[in-house]
1. If we count every other residue with Cβ under 12 angstrom of residue 91's Cβ, Lys/Arg +1 and Asp/Glu -1, where does the sum land?
2. Sort segment 72-133 into rounded, prolate or oblate with this rule: let a ≥ b ≥ c be the square roots of the eigenvalues of the Cα gyration tensor; rounded if a/c is under 1.5, and if a/c is not under 1.5, prolate when a/b is larger than b/c, oblate otherwise.
3. For segment 19-97, which GluC sites (Glu not before Pro) are both in a DSSP coil and crowded by at most 16 other Cβ atoms within 10 Å?
4. Of all the Cα-Cα pairs you can form in segment 2-148, what percent are over 28 Å apart?
5. Grab the other residues whose beta carbon is less than 10 angstrom from that of residue 106, score K and R as +1, D and E as -1, and report the net.
6. Under a Cβ-Cβ cut-off of 12 Å, what is the net charge of the residues other than residue 141 that fall near it, where Lys and Arg count +1 and Asp and Glu count -1?
7. Quick one: Karplus J couplings for segment 8-24, per residue in order, coefficients 6.51, -1.76, 1.60, θ = phi - 60°, nearest Hz, x for Gly and Pro?
8. How many nm is it between the label spots at residue 23 and residue 71, if each spot is 7 Å from the Cα in line with the beta carbon?
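What follows is calculated from the coordinates using simple rules that are stated; it is not laboratory data. Computed from a prediction, not measured in an experiment: that's the story for all the values here. All Cβ positions, even for glycine, are placed from backbone atoms using ideal geometry, and neighbour counts span all protein chains on display.
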Amino acid sequence: MFTRVYETTVEAPVEKVWELHSRVDALKVLTPPDTQLHVVSKDLSVRDGVLHEMVFKKMGMKMTWKARISDVRAPYGFTDTAERAPFAYWQHKHEFIPSENGTIVRDTITYKPLGWFLAGLVNEVLIKEDLDKLFAYRQRTMHELLESEPVVINEDLIH
């Protein structure tokens, strides 16, 4: 098993961070466009027991990912554990921790690559760098979405 922890502080209240992460369709925004993610699930809520199903393309291959939501503690986080994925094991713990500067967003990924005795090599060659890039993209996107002011339209100026 391997564990990677990604953490960033966004200048936004924990409720705003929860609002973004508590919808599975937000994954489309938080996933790099070249991954071509498609959410199959009809129930897009983040609540205990819900199964989220997604299809995506990686390295030219179409893959299905099914993750079960658990340990929902709105607005402070939740866990998703893969029931079907290109990993022998995958668990993603999302934590949203209020701080004086906003919210600390901590993602803890515990995973086991396919490949049994080659899992360490597969992790070093294929997975670690890809995960680092994915979470760097997610963090940049979170900062852009959560730290910007929403556009307000002055209805009085529209004729």
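1. After counting each charged neighbour, the total is 0.
2. Because a/c hits 1.5 or more and a/b fails to exceed b/c, segment 72-133 counts as oblate.
3. Listed in order of number, the matching sites amount to none.
4. 16
5. Local net charge: -2.
6. Value of the local net charge: +1.
7. 8, 10, 9, 7, 7, x, 4, 5, 5, 5, 4, 4, 5, 7, 8, 10, 4
8. Calculated label separation equals 2.6 nm.
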